[in-house]
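Let me begin by presenting the structure, written as structure tokens, before commenting on it.
Throughout, read-outs are computed from the coordinates displayed, never taken from laboratory work. Since the model is a prediction, treat every value here as computed from it, not as a measurement. Don't worry about glycine lacking a Cβ; one is built from the backbone with ideal geometry, like all the others, and counts go over all protein chains shown.
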Amino acid sequence: MSNSSVEQSYSLARQRYAELGVNTDSVLQLLEGIPISMQCWQGDDVGGFESVGGLSGGGIMATGNYPGRARNPEELRADAARAMSLIPGKHRFSLHAIYLEHGGKKIERNQLGPEHFQGWMDWAAELGIGLDFNPTFFSHPMAADGFTLASRDEGIRRFWVEHGIACRKIGEAFGRRQKTPCVTNVWIPDGMKDLTIDRKGPRELLQKSLDELFAAPIDRSCNLDAVESKLFGIGSETYVVGSHEFYLGYAVENKKLLCLDAGHFHPTETIADKISSVLLFLEEILLHVSRGVRWDSDHVVILNDDLRAIAEEIVRGGFLDRVHIGLDFFDASINRVAAWVIGVRAMLKALLSALLEPTAKLRELEVQGDFTSRLVLLEEIKTLPFGVVWDYYCHSRNVPVGLKWLEQVKEYERQVLTRR
Ligand code: RNT
Ligand code: ZN
């Protein structure tokens with residue numbers, strides 16, 4: 001598509017939206033201010049750089065063997081930067097503790113410090129993006145029996161508390177340097193495969209561990225703590241210590257961010273409708289936007305009804321500055337750079353579509369009790385030229401329009417990825 005046809009189509013689309021009272025130019029400005037936190041772990045199948053080759057485990061497993069996985073921090077940074085260059089707007093990058101740079105020395109997880117992430121901080125500063133962080137409570141001998149913060153073994157429990165504290169300090173260092181708070185998200189795999197007698201004990205231990213982990217004073221303007229619940233995992237099908245109810249209570253009582261992962265609830269349960277409830281009791285939340293196919297499979301996020309509903313809830317509720325949007329998927333069966341681009345672009349499209357909605361008008365109809373008109377208008381706006389506005393957004397922010405980005409990914413695959 002030529003530049004002038006993108007612009008011409010946009011001016012007609014702008015007119016169509018204006019008829020409904022929606023200013024597309026202001027919408028695009030708003031959209032530009034929403035950062036999406038792109039997850040590092042899509043780039044190397046959740047391997048990390050702790051040891052050569054990395055090891056997976058703790059119920060997290062990427063499937064597929066597409067060539068070109070990033071094998072070291074330099075490759076991962078190059079891949080992520082390539083993906084970001086194909087996505088409109090400035091975004092963030094979410095690191096896991098296992099993506100440290102150890103300089104050839106063995107660093108225990110409870111000994112990690114900001115110095116092991118210096119390369120990442122420099123890279124982020126160069127790109128002008130913010131970093132988020134995640135302690136890694138899996139892929140480790142101390143997590144081999146499936147318990148970390150809720151372990152009955154005091155040595156193991158203490159080790160993981162210390163890891164959590166170390167990670168919050170790293171998050172604080174990120175935040176101080178980048179001038180936006182780093183969201184540091186705690187997810188642990190703890191749970192039981194089969195029938196569990198004592199469901200209370202491990203939860204008491206987890207509560208105690210979190211209290212210790214969060215007791216270390218950290219500047220809230222630099223680091224925000226989040227806690228992520230889960231329903232079940234591989235090997236923890238029957239019982240997960242950090243359930244939704246556990247963390248909802250914990251977050252409310254301790255003023256933490258609650259992380260809602262789209263794949264961590266019952267298969268027909270979606271997170272969109274939870275947002276307006278939890279934000280009555282919490283200042284801010286983190287979303288892990290993911291796509292479960294039949295189970296918590298972490299497929300690449302696409303523009304489907306679930307994703308649209310999440311974006312609509314954020315926009316309709318006026319929650320844009322209280323919801324941190326992070327992506328959480330890992331697919332090793334397709335080009336990993338493309339997976340990132342597909343996921344972030346899909347999230348942005350969902351937000352754009354939500355921002356283009358004549359929400360005030362719809363709300364008015366609802367309050368008046370005119371549900372007929374509400375439904376008619378909702379159906380009508382589905383076929384407005386939303387794609388044209390999206391194309392113009394990409395064009396005006398100097399990233400490839402339409403399928404053009406894929407050509408660039410293919411070229412990168414030929415030049416770089418297949419040579420690994
Ligand atoms: C696991 C959680 C968690 C991880 C990442 C890698 O079920 O969703 O967020 O996916 O920490
Ligand atoms: Zn998650």
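Table for the structure above
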item: Segment Ser221-Ser276, length gained on full extension (0.36 nm per residue, minus Cα span); result: 17.4 nm
item: Binned Cα-Cα distances of segment 177-319, short to long, each 5 Å bin given as a whole percent; result: 2, 9, 18, 21, 19, 16, 10, 5, 1, 0
item: Over 30 Å (Cα to Cα) - which of Lys105/Lys255; Lys106/Lys410; Lys90/Lys256; Lys90/Lys404; Lys106/Lys200; Lys90/Lys169 fall in this group; result: Lys105/Lys255; Lys106/Lys410; Lys106/Lys200
item: In segment 159-189, the trypsin sites (Lys or Arg not before Pro) that fall in loop regions by DSSP, at most 15 other Cβ within 10 Å; result: Lys179
item: Alpha-carbon centroids, segment 156-183 and segment 319-344: separation in whole Å; result: 22
item: Computed helical MRE - 222 nm, the chain, DSSP H runs ≥ 4 contributing -39500 (n - 2.57), nearest 500; result: -13500 deg cm²/dmol
item: Segment 322-365: radius of gyration and largest Cα-Cα distance (Dmax), Å; result: 15.0, 46
item: If the convex hull is drawn through the Cα atoms of segment 113-233, its volume per residue in Å³; result: 111
item: Sites Lys208 and Arg322 - FRET efficiency at Förster radius 25 Å, r taken between beta-carbons, to 0.05; result: 0.30
item: Mean Kyte hydropathy of -1.0 or more with a Cα span along the axis of at least 24 Å, helices from DSSP in the chain; result: 154-178, 336-355
item: Segment 358-420 and segment 94-112: distance between their alpha carbon centers, rounded to Å; result: 38
item: Ratio of the Cα radius of gyration of segment 281-420 to 2.2 N^0.38 Å, where N counts its residues; result: 1.24
item: Label-point separation, Leu378 to Arg16 (7 Å along Cα→Cβ), nm; result: 2.1
item: Solution diffusion estimate, µm²/s, Stokes-Einstein, segment 1-129, Kirkwood Rh from C-alpha pairs, 37 °C, viscosity 0.692 mPa s; result: 185
item: Ratio of Rg to Rh over the chain (Cα coordinates, Kirkwood Rh, two decimals); result: 0.97
item: Inter-label distance for Asn3 and Gln111, nm, one decimal - labels placed 7 Å from Cα along Cα-to-Cβ; result: 5.5
